[in-house]
Amino acid sequence: MVAMEYEPDAAGQESYILCADCGTVISSANGAGLCVGCLRNTVDITEGIPKEATLNFCRGCERFLSPPQTWVSAQPESRELLAICLKKIARPLMKVRLIDASFIWTEPHSRRIKIKVTIQKEVLANTVLQQTFELLLVVHTGQCPQCTRLAAKNTWKASVQVRQKVTHKRTFLWLEQLILKHNAHKDTININEKRDGLDFFYSERNNAIKMVEFLAGVVPVRTKASEQLISSDTHSNTSNYKFTYSVEIVPVCKDDLVCLPKNQAKAWGNISPLTICSRVGNTIHLLDPMTLQQTDVTAPVYWRQPFDSLATVTDLVEFIVLDVEPSGPVRGKYVLADAQVTRSSSSSGNNMDEDGMGDDGIYHTRTHLGGILQPGDTVLGYHLTNANFNNDAFESFNQDRLPDVILVKKTYPNRRKKSKPRNWKLRSIAKEAEDVNENSNTVGRGALGRKGGVDQRNVERDYELFLRDLEEDKEMRAAINLYKADQQQQGDQDDDEDGDVGMGETKKSGSGMKGGKRRTGNGNANGGSGMQVDEDMGGDEGEGTDADDEEEEDFPEIDINELLEHFEEMDMDDGEEVQ
């Protein structure tokens with residue numbers, strides 16, 4: 001037998017040919033008959049794709065134009081910027097296959113952007129050619145339509161006028177923090193402060209409607225819309241309008257004393273007419289401190305039968321708790337208790353009542369603060385013994401059932417004297433404050449009632465009271481964002497050039513409420529008739545700093561875990577707008 005060696009079939013062997021141009025050996029499967037180099041010299045797959053283009057950039061808002069009419073924020077050499085650049089050649093790229101695209105470094109001041117683009121395309125039968133080219137984009141600076149409207153005057157399209165007819169700014173300080181947390185101001189182009197509120201301006205009507213809906217969800221309001229015709233074209237049947245939304249917030253605030261008409265009190269769960277406002281959300285929460293009965297008043301119900309506050313926090317008086325005894329009923333955090341209190345401003349017998357009892361008199365009352373009050377504590381309340389209110393509902397109230405004192409909240413005068421800085425801080429929105437003075441057209445700068453405004457002294461007082469409410473109310477703190485304050489900021493809070501009052505306690509001593517200080521000599525005998533913050537932020541240095549005063553053990557300390565990092569102040573210099 002003869003051994004035979006296997007020989008492969010000739011059809012399975014690969015054959016080679018020479019390139020038609022340069023003579024390089026190539027595979028016979030190449031239908032073009034050309035090597036890769038000669039094929040690139042013969043066929044240009046980048047033909048028809050522009051190698052240069054322009055890129056529009058807005059200097060005002062630092063955004064790039066994404067065709068056709070969208071302006072997008074993009075960082076240098078980011079994926080967003082790369083997508084915008086490739087859109088410039090999007091139509092020619094539809095005829096080829098995009099493989100890769102990357103940036104080529106250029107000097108930032110050169111206003112040039114270079115991109116390395118790799119594409120593939122089938123040029124002949126079974127022949128796919130890959131090629132790389134550079135795309136050069138020249139950055140042209142200008143203004144986007146929104147910045148153009150900002151540069152001109154009175155070019156807003158919609159405005160939201162928020163008003164509250166009260167004497168303080170605490171409601172708007174609370175709204176500021178809610179707006180910041182939910183980023184509701186992102187579409188606002190300008191904010192102006194007026195006497196009773198704020199004006200928000202928008203370039204689009206839909207953004208104003210969103211703000212109105214946001215406000216209706218956090219505070220009880222009523223809204224009225226109006227429109228003004230600016231121009232019209234009879235040929236195309238088009239018109240240009242300016243829209244204004246008036247938003248009025250109910251004039252009842254937290255810790256206010258309210259006296260309801262009898263028919264309303266019966267309709268709302270037969271609650272006692274004399275109540276205090278325990279909380280204001282999208283409804284008004286009224287609490288009867290004598291029985292712990294509560295009722296919620298929605299905005300539509302309120303505006304059908306509106307009522308005003310009988311007394312506000314400026315009328316609060318400081319009392320010292322002599323004795324407190326819980327009486328049993330408990331509802332949530334409220335514990336009903338019988339208490340004996342006396343005025344803390346006991347200096348003379350000038351304020352005598354009908355029974356001959358002056359400031360040293362002991363008053364018996366029932367309070368909802370039985371869970372937190374202890375003998376010796378200081379508490380704020382409304383003194384109704386000699387009160388005189390011009391209110392029809394109060395006049396019709398049975399005077400035999402009128403308590404001498406209604407306690408509202410606990411205060412901490414000894415701790416306030418220590419001038420200990422707070423370890424937290426709040427963000428702020430910049431705005432313009434219109435200073436309404438006689439024969440004066442000056443315009444001041446501020447940050448939503450904090451750093452200026454119509455009355456700087458009242459603004460500081462309101463802001464300090466707002467910060468104290470945040471410290472003492474955990475539910476309020478849960479609804480906003482608090483930020484950690486730097487150690488340097490804590491040390492410089494009293495010398496803050498921007499006037500951030502209340503970020504740290506003032507160096508002025510005092511209990512925090514007028515009448516809470518121990519005076520000698522010819523002190524103010526009527527010191528406890530109203531509430532002021534640290535003698536309107538300007539008390540004497542030497543008052544109320546006795547070494548015997550001990551700090552309250554239950555002073556509300558904010559846990560460090562509640563604070564957020566990376567505090568960024570949002571106050572802006574003159575000429576800048578809110579983005």
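I'd like to check something: does segment 275-296 contain any residue that is over 27 Å from Arg468 (Cα atoms) and small (Gly, Ala, Ser)? The answer is no, given that none of the residues of segment 275-296 is over 27 Å from Arg468 (Cα atoms) and small (Gly, Ala, Ser). In segment 381-397, the qualifying residues are those that are within 16 Å of Gln264 (Cβ to Cβ) and assigned to a loop (DSSP other than H, G, I, E, B), and the one that is most open to solvent (accessible area, probe 1.4 Å) is Ser396.
Does segment 148-163 hold any residues that are of a type in the set (Val, Ile, Thr) and either at pLDDT below 80 or open to solvent by 20 Å² or more (accessible area, probe 1.4 Å) (or both), and which are they?
Looking only at segment 148-163, we keep the residues that are of a type in the set (Val, Ile, Thr), and these are 148, 155, 160, 162.
Selection gives Thr148, Thr155.
Does segment 287-299 contain any residue that is more than 22 Å from Asn391 (Cβ to Cβ), of a type in the set (D, E, K, R) and at pLDDT below 90? Within segment 287-299 (the criterion being more than 22 Å from Asn391 (Cβ to Cβ), of a type in the set (D, E, K, R) and at pLDDT below 90), the answer is no, since none of the residues qualifies. Taking (1) open to solvent by 20 Å² or more (accessible area, probe 1.4 Å); (2) farther than 24 Å from Val330 by Cα; (3) touching a strand residue (DSSP E or B) at 6+ places or on another chain (Cβ under 8 Å); (4) at pLDDT 85 or above in turn, Gln374 satisfies each apart from (2). Checking each residue in segment 61-114 for being closer than 18 Å to Cys144 by Cα and of a type in the set (A, V, I, L, M, F, W, C) picks out Cys61, Phe64, Leu65, Trp71, Val72, Ala74, Leu81, Ile84, Cys85. Scanning segment 166-177 turns up at least one residue that is touching a Pro at 6+ places or on another chain (Cβ under 7 Å) and more than 25 Å from Pro145 (Cα to Cα).
Only one of these conditions is not met by Leu137: (1) farther than 26 Å from Ala479 by Cα; (2) buried (at least 16 other Cβ atoms within 10 Å of the Cβ); (3) at pLDDT below 90. Which number is it? The one condition Leu137 does not meet is (3). Considering only residues that are of a type in the set (D, E, K, R) and touching a helix residue (DSSP H, G or I) at 6+ places or on another chain (Cβ under 8 Å), look in segment 375-413 and name the one that is nearest to Leu257 (Cα to Cα). Filtering segment 375-413 for residues that are of a type in the set (D, E, K, R) and touching a helix residue (DSSP H, G or I) at 6+ places or on another chain (Cβ under 8 Å), the one nearest to Leu257 (Cα to Cα) comes out as Lys409. Restricting the search to strands (runs of 3 or more DSSP E) fully inside segment 254-294 and requiring at least 1 residues that are under 16 Å from Leu402 (Cβ atoms) gives 257-259, 274-280.
Within segment 36-51, residues that are among the basic types (Lys, Arg) sit with their Cβ atoms under 8 Å from residues that are open to solvent by 70 Å² or more (accessible area, probe 1.4 Å) and at pLDDT 80 or above, at 6+ positions apart or across chains, in these pairs: Lys51/Glu134. For segment 215-229, the count of residues that are crowded, with 17+ Cβ neighbours inside 10 Å and over 18 Å from Gln161 (Cβ atoms) is zero. For segment 311-322, which positions are of a type in the set (S, T, N, Q) and part of a loop (DSSP other than H, G, I, E, B)? Residue satisfying the conditions is Thr312 alone.
Matching residues to (1) modelled with pLDDT under 85; (2) of a type in the set (Lys, Arg); (3) open to solvent by less than 60 Å² (accessible area, probe 1.4 Å):
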| residue | (1), (2), (3) |
| --- | --- |
| Val2 | yes, no, no |
| Ala11 | yes, no, no |
| Cys19 | yes, no, yes |
| Gly23 | yes, no, yes |
| Asn56 | no, no, yes |
| Pro68 | yes, no, no |
| Ala74 | no, no, yes |
| Ile89 | no, no, yes |
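Within segment 311-328, being within 32 Å of the chain's Cα centre (by Cα), of a type outside the set (Val, Ile, Thr) and open to solvent by 10 Å² or more (accessible area, probe 1.4 Å) holds for one residue alone: Asp315.
For beta carbons closer than 8 Å, sequence separation of 6+ or different chains, a first residue in segment 305-316 that is touching a residue at least 60 places away in the same chain (Cβ under 8 Å) and under 12 Å from Val252 (Cβ atoms) and a second that is part of a loop (DSSP other than H, G, I, E, B) and among the polar types (S, T, N, Q), the qualifying pairs are Asp308/Asn391; Leu310/Asn391; Thr312/Thr167. Regarding segment 295-310, can at least one residue be identified that is polar (S, T, N, Q), part of a loop (DSSP other than H, G, I, E, B), touching a helix residue (DSSP H, G or I) at 6+ places or on another chain (Cβ under 9 Å) and buried (at least 16 other Cβ atoms within 10 Å of the Cβ)? No; the residues of segment 295-310 include none that is polar (S, T, N, Q), part of a loop (DSSP other than H, G, I, E, B), touching a helix residue (DSSP H, G or I) at 6+ places or on another chain (Cβ under 9 Å) and buried (at least 16 other Cβ atoms within 10 Å of the Cβ).
Among the residues of segment 189-220, count how many are free of Cβ contacts under 8 Å to residues at least 24 places away in the same chain and over 22 Å from Thr283 (Cα atoms). Here the count works out to 1.
In the set (1) open to solvent by 70 Å² or more (accessible area, probe 1.4 Å); (2) without any contact (Cβ under 8 Å) to a residue 12 or more places away in the chain, Ser110 fails one condition alone, (1).
Residues are listed down the side, and each one gets a yes or a no for (1) assigned to a strand (DSSP E or B); (2) open to solvent by less than 80 Å² (accessible area, probe 1.4 Å); (3) under 30 Å from Asp255 (Cβ atoms); (4) at pLDDT below 85:
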| position | (1), (2), (3), (4) |
| --- | --- |
| Glu122 | yes, no, no, yes |
| Leu129 | yes, yes, no, yes |
| Thr141 | yes, yes, no, no |
| Gln146 | no, no, no, yes |
| Lys165 | no, no, yes, no |
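Scanning segment 217-257 for residues that are in contact with a helix residue (DSSP H, G or I) (Cβ under 8 Å, 6 or more places away or on another chain) and among the small types (Gly, Ala, Ser) returns no hits.
The set of residues in segment 284-294 being open to solvent by 10 Å² or more (accessible area, probe 1.4 Å) and either in contact (Cβ under 8 Å) with a residue 24 or more places away in the chain or of a type in the set (S, T, N, Q) (or both) consists of Met290, Thr291, Gln293, Gln294.
Taking every residue in segment 176-188 that is open to solvent by 50 Å² or more (accessible area, probe 1.4 Å) and pairing it with any residue that is outside any helix (DSSP H, G or I), at least 6 positions away or on another chain, the pairs with Cβ-Cβ distances below 8 Å are Lys181/Ala479; Lys181/Ile480; Lys181/Asn481; Lys186/Gln579; Asp187/Tyr202; Asp187/Ser203; Asp187/Glu204.
Each row is one residue, and each column tells you yes or no for (1) part of a loop (DSSP other than H, G, I, E, B); (2) of a type outside the set (A, V, I, L, M, F, W, C).
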{"position": "Phe172", "(1), (2)": "no, no"}
{"position": "Ala184", "(1), (2)": "yes, no"}
{"position": "Val212", "(1), (2)": "no, no"}
{"position": "Gly217", "(1), (2)": "no, yes"}
{"position": "Thr223", "(1), (2)": "no, yes"}
{"position": "Ser226", "(1), (2)": "no, yes"}
{"position": "Ile230", "(1), (2)": "no, no"}
{"position": "Ser239", "(1), (2)": "no, yes"}
{"position": "Lys242", "(1), (2)": "no, yes"}
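The values are calculated or read from the model by the stated rules, or taken from the named source; none is laboratory data. These numbers come from a predicted model, not from an experiment. Backbone-built Cβ (ideal geometry, glycine too); neighbour counts: all protein chains shown. Just so you know, the surface numbers come from the protein's heavy atoms only, side chains and all, with ligands and any DNA or RNA stripped out. Shrake-Rupley method; radii C 1.70, N 1.55, O 1.52, S 1.80 Å.
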